[in-house]
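Novice: What follows is a structure written as structure tokens; I'll ask about it next.
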Amino acid sequence: QEQLVQSGAEVKKPGASVRVSCKASGYTFIGYYIHWVRQAPGQGLEWMGWISPNNGVTNYAQNFQGRVTMTRDTSTNTTYMDLTSLRSDDTAVYYCARARGRSGWYILLYWGQGTLVTVSS
Amino acid sequence: QSPLTQPASVSGSPGQSITISCTATTSDILKYNFVSWYQHHPDEAPKLMIYEVKNRPSGVSNRFSGSKSGNTASLTISGLQAEDEADYYCSSYTGSNTYVVFGGGTKLTVL
């Protein structure tokens, strides 16, 4: 069955960078976009962007452009989300999510378990 | 500020029906049938409940239904159950730049 397993919690200092991984299993990795979504404490869901595992093409939300990079490794079926110049308001649970399909690339059907990133001095 | 506006909270008693609205405030985001709804329980991953306005993924109860009229999409939950208490988010493709946006979320309380 389709599954996304994310890396563990991280604690970072302001100005540092963080990498969160998302390992896919149970389906053809290159066939479906992976999105990244975050939720800060007490806030709603915030879409960060997507990556096509097939060709590595990415599209980032305007709020994150210049600070986020999404990559993939097709040999391990893993997607990575790097966020740089961390600030305290980047403290959030970060989720990866797989799209429903090629035409439903904007429909987030399967989700990872979430990774808590805490930014604190 | 999200271009999709949802009420902050709604409530209902077990067995009742409730409706959560999602209104596009600044553009024609909801002009097309790209609306999805997600249920989010604390400390769990969000769950897709409705996609393309009214379609349910496999395994989602038929107590959940979606609709759209003009620039407002709606999620209706009938026969409320305690387990339905969660946050609900609408989402849509923006129709340009291949972006996705979420509404601000609605907290459902089952009384």
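Novice: Taking B:S65 as the residue in question, decide whether it is in a strand (DSSP E or B) and either out of contact with any Asp or Glu (no Cβ under 8 Å at 6 or more places or on another chain) or in contact (Cβ under 8 Å) with a residue 40 or more places away in the chain (or both).
Specialist: Values: in a strand (DSSP E or B): yes; either out of contact with any Asp or Glu (no Cβ under 8 Å at 6 or more places or on another chain) or in contact (Cβ under 8 Å) with a residue 40 or more places away in the chain (or both): yes.
When the stated conditions are applied, B:S65 passes them.
Novice: Moving to a separate point now. Restricting attention to region A:20-74, which residues are closer than 20 Å to A:S85 by Cβ, aliphatic (A, V, I, L, M) and in a loop (DSSP other than H, G, I, E, B)?
Specialist: Residues satisfying the conditions are A:A40, A:A61.
Novice: In addition: Just a yes or no: is a residue in region A:47-57 in contact with an Asp or Glu (Cβ under 8 Å, 6 or more places away or on another chain) and of a type in the set (A, V, I, L, M, F, W, C)? So that I can check it myself, show each step before the final result.
Specialist: Pass one, region A:47-57, residues in contact with an Asp or Glu (Cβ under 8 Å, 6 or more places away or on another chain): none.
No.
Novice: Identify, please: which residue in region B:36-60 is modelled with pLDDT of 95 or more and touching an Asp or Glu at 6+ places or on another chain (Cβ under 9 Å) and is, among those, surrounded by the fewest Cβ atoms within 10 Å (Cβ to Cβ)?
Specialist: Ranking the candidates gives B:H41 first.
Novice: Out of the residues in region A:47-58 that are surrounded by fewer than 18 Cβ atoms within 10 Å (Cβ to Cβ) and within 11 Å of chain B (Cβ to nearest Cβ), state the one that is nearest to B:T98 (Cα to Cα).
Specialist: A:T58
Novice: I would also like to ask the following. Which residue pairs have Cβ atoms under 6 Å apart, sit 6 or more places apart or on different chains, and have a first residue in region A:60-79 that is within 14 Å of chain B (Cβ to nearest Cβ) and a second that is surrounded by fewer than 19 Cβ atoms within 10 Å (Cβ to Cβ) and modelled with pLDDT of 95 or more?
Specialist: What qualifies is A:Y60/A:V68; A:M70/A:T58.
Novice: Please go through (1) under 30 Å from B:S9 (Cβ atoms); (2) in contact with a helix residue (DSSP H, G or I) (Cβ under 9 Å, 6 or more places away or on another chain) for A:Q43 and return the number of the only condition it doesn't satisfy.
Specialist: So A:Q43 meets the others, but not (2).
Novice: In the set A:A24, A:A99, which member is surrounded by 17 or more Cβ atoms within 10 Å (Cβ to Cβ), more than 14 Å from every other protein chain (Cβ to nearest Cβ) and closer than 22 Å to B:S36 by Cβ?
Specialist: Exactly one of A:A24, A:A99 is surrounded by 17 or more Cβ atoms within 10 Å (Cβ to Cβ), more than 14 Å from every other protein chain (Cβ to nearest Cβ) and closer than 22 Å to B:S36 by Cβ, namely A:A24.
The values are calculated or read from the model by the stated rules, or taken from the named source; none is laboratory data. Given the structure is predicted, the values throughout are model-derived calculations rather than measurements. Ideal geometry is used to build each Cβ from the backbone, glycine not excepted, and the neighbour counts take in all protein chains shown.
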